[in-house]
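As C-alpha cells, the structure follows; a few thoughts come after it.
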Amino acid sequence: MKTSDLRLVHFFRGYLRRYVPWIAIALVAVLTFASLTAAMISLIEPIFSEVLLAGDEQPAGLSMLGSGDEGEDEASSWPPWVQKIKEKVNLAALFDRGYEALKASFNVDADQVVYFTPLLFVAVYLFRSVAAFISGYSFQRIGFGVTTDIRNDLYRRLLEQSSRFHAQHPSGSLVSRVVNDVTLMQVAVSNRLLDIAQQSVTLLAMLAMLLSIHLELALACLVGMPVVLYPIVRFGKGIRGTSHRSQERMADLAQLLSEGIRGHRVVKAFGMEDFEYRRFYAATRRHLKVNLRAQVLANLSSPVIETLASVLSAALLIYAGLSIREGGLSVAVFVQFLTTLLLLYDPIRKLNKANLNLQEALAAAHRVADLLEIPNEIEDQPDGPVVEQLEQGVSFDDITFSYGDRGEVAEGNGKPGEGKPAEKPVEKTVLNGVKLEIPRDRMVALVGPSGAGKSTLVNLLPRFFDPTEGAVRIDGIDIRTMPLAALRKLIGIVTQDTVLFDDTVRNNIAYGREELPLEDVRRAAAAAYADEFIAEMPEGYDTFIGEGGLRLSGGQRQRLAIARALLKDAPILILDEATSHLDTESEALVQKALRNLTRDRTTLVIAHRLSTVVNADHIAVLEAGRVVEQGTHRELLALGGTYKRLHDLQFSS
Ligand code: ADP
C-alpha cells in the first residue's frame, strides 16, 4: 500500500466507523465460511474411506484410513521441529477429531455412517451457504451505506462551494465524480473487498488443509504451482493489453468515420475521397492487426495452460500412484488432497481480478477524496451577528477583486486537462476600489459597458465570491462575519437566466417552501402579473413546466422569477435585467411586475433599460472595475461624460 492510499484509509475511516457492527459481522461470516469450506473438504476422506469403499476388500493403500495414521508414517522423514509445527497447525487432523467426536455423540455405527456422513456434508454445506449469504450481504451493506453517505456529503459540498470553484470545475466532471466514481467505489467495497477478505481467508485455510493433508505432496505442488500460475497471469496481462489497444484503434476508426461523414461536402469539394479512404483503410488494418494478436493470445492461453496443468497432473498422479503402492497414501486422502488443490484455484483467480478492479476504484476514491478535501473559500460564521430588519442599507467599501487563480485545485488522478479551464486565468483586477452606498429602500442602478464588472460586484453581496480587499457591509456589519444562511435570507435575486426546476408552477414559485398556502403563492403570482397566464395553463398552478421552464416564454419565466422573489419577501433585492428582447407587451408586464417587486426594497439593479435607469434613485457608472461617475440620471446627463455617451448609444431609441 502506498502512502497516498494510507491517506484514503484515514479519509474514509470516518465513514466506516458507522458500520463497525456490520464489519464485525462480515469478518465473522468470512472466517466461518473459510472454516466450513475446510470442514467440507475434511469430510471427503471419510466419505471415500467409510461411505464408498468401506465394503471393499481393503484394496492396496486403503489399509490406512485416517490422515492421522498416515501422518505418523511420514514422521520419520521430517525433522522434529517440522513435526511439531505440523501437529500444531494440523487443520485436517483437527477436523477429523471433530468428525469422530460428532459420530460418537450421535452414536453412529458402521452401518449408519452411510447416512450420517453425507447428511453431515449437507449440513456443513448449508451452514457454509448461510455464512456466504451473511458475508455477501454485510459487505454490500457496508459498500452501499458508505457510498450513499459519501455521495450525500459530496453533493452538499458541491452545493456549498463558491462560484469560483464551480467556474473551475465543469458540471460534467462533477456529475461524473458523484455518479461514476462513487459507483466504482461502491462496487469495490461491496464486491472486491468481499472477494479479497473471503478469498484470502479461504486461500489460507485451503493452504493449511493442503499442508496438513499431506505435507510432502503439498510442498511439491506449491513448488509446481507457479509454473501454471505464471502463464495464466502473463496471458491475462497480454490479453488485457491488446483489448485496450483494440479499443483505442476502434476509437481512431470512429473518429475518422465521423469526420469523413460529417465533412463529406468538403471531402468531395477537394476531391479527397481517395485520401480519406486510404486513411480509413490504414486504420482498419491497424485495428485488424491488434484484434488478431488478441485472438492468438486468447486461443493460445488455454492450450498452453492446460498442457502445463496436465504435465503437472501426470507428475502428481505418478507420485500418488507410487505412494499408494508403497502404502504411504490412501486413495481417499489423495482425492481429498486433489479437491483442496482444485479449490485453491478459485481464490487465486478471484484475488487477481479483485486486485485489478481495486486499482480502478482506488483512483476513483482518490478523485472523490480530492473533491471532498477542497476547502470552501466562503467561510460560514454560524454564530455571527444577524440582521433581522434592515435599518441603514448596504455599502460596498473600497472593494478590490480579482478572479485570479486562487483556489485552483488539481483534479487528483483525473484525466489531464479535464476540470480545468484551458489556460491559466490571468491575474486581473476586475474591481478596483469600488465605493457604493445603497441606502435602505432605495434603488441603485449599475450601468457600464459589458465586462466592466457589474455582475462581479453584484455577486459579492450574497457572497458568491468574497472581495480580495475591502468589505461589503449590511447595516455596517461586514457580511463575512454573518451566518451565510441569515445573509442570504436577506437577499432576493432575479437574474436574466431565470433558473426554473422541472416541477409544478406552484413549487417553482414557492421554491423550497411547499407548506405555503396556495393563496400566498397566488397573491405573489398576481403581483408579478403571472396569475393570468398560469390560470390558462392546463392544470393551473399544478402544471409541470418542464426542465428549465422550456414550455414558457422568456417573459413568463421572468415573471415567475419575480413572483418567487416577491414570495421570499427579502428586504434586499438584486436585479439583473434581461437584455433579451421581450415583445412589447410582455416587456410592459415585466416592468409592472418589477415595480411591484422593487417597491419598499433596497435594490441593486444592473440596468439595461432606460425606464429603470430614469427611475433609479442613484446611478453608478462602472468602467473597467471603477466607479467613474455617480449621481441621478439628470446630474449624469448634465455631466456629459461616460454616462451621457452610454445613454446616447444604448437608450436613444
Ligand atoms: P459585466 O457584468 O459588467 O459585463 P463581469 O462582472 O461579468 O462584467 O466581468 C468583469 C470581468 O471579469 C470581465 O473581464 C470578465 O471576463 C471577468 N470574469 C467574469 N467572470 C469570471 C470568472 N468566473 N472567472 C474569471 N474571470 C471572470
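All of the numbers you see were taken from the coordinates with simple rules; none came from a lab. These figures come from a predicted structure and were not determined experimentally. All Cβ positions, glycine included, derive from the backbone under ideal geometry; neighbour counts span all protein chains shown.
Please find, within region 463-484, the residue that is nearest to the ligand (Cβ to nearest atom) out of those that are of a type in the set (A, V, I, L, M) and either assigned to a loop (DSSP other than H, G, I, E, B) or without any contact (Cβ under 8 Å) to a residue 24 or more places away in the chain (or both). Explain how you work it out, then say what you get.
Step one: filter region 463-484 for residues of a type in the set (A, V, I, L, M), giving 471-472, 474, 477, 479, 482, 484.
Then keep just the ones that are either assigned to a loop (DSSP other than H, G, I, E, B) or without any contact (Cβ under 8 Å) to a residue 24 or more places away in the chain (or both); that gives 479, 482.
Values: Ile479: 19, Met482: 23 Å.
Per the criteria, the residue is Ile479.
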Problem set entry | Odd one out for Leu552 among (1) within 24 Å of Leu518 (Cα to Cα); (2) part of a helix (DSSP H, G or I) | (2)
Problem set entry | Flag for Pro462 being crowded, with 17+ Cβ neighbours inside 10 Å and of a type outside the set (A, V, I, L, M, F, W, C) | yes
Exercise. From the list Thr202, Thr183, which one is hydroxyl-bearing (Ser, Thr, Tyr), under 13 Å from the mean Cα position of the chain (by Cα) and assigned to a helix (DSSP H, G or I)?
Worked result: Thr183
Exercise. Within the group Ala510, Ala471, Ala485, which residue is closer than 24 Å to Ile399 by Cβ, buried (at least 16 other Cβ atoms within 10 Å of the Cβ) and not hydroxyl-bearing (Ser, Thr, Tyr)?
Worked result: Ala471
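Every residue, every condition in (1) outside any helix (DSSP H, G or I); (2) within 16 Å of the ligand (Cβ to nearest atom), yes or no:
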{"position": "Asp441", "(1), (2)": "yes, no"}
{"position": "Leu461", "(1), (2)": "yes, yes"}
{"position": "Gly492", "(1), (2)": "yes, no"}
{"position": "Leu500", "(1), (2)": "yes, no"}
{"position": "Arg523", "(1), (2)": "no, no"}
Exercise. Ala616: farther than 30 Å from Glu514 by Cβ and aliphatic (A, V, I, L, M), yes or no?
Worked result: yes
Exercise. What number goes with the only condition from (1) of a type in the set (A, V, I, L, M); (2) away from the ligand (no atom under 16 Å from the Cβ); (3) part of a loop (DSSP other than H, G, I, E, B) that Ala452 does not pass?
Worked result: (2)
Exercise. Which pairs have Cβ atoms under 8 Å, sit 6 or more apart or on different chains, and link a residue in region 95-123 that is outside any helix (DSSP H, G or I) to one that is among the small types (Gly, Ala, Ser) and surrounded by 14 or more Cβ atoms within 10 Å (Cβ to Cβ)?
Worked result: Ala110/Ala54
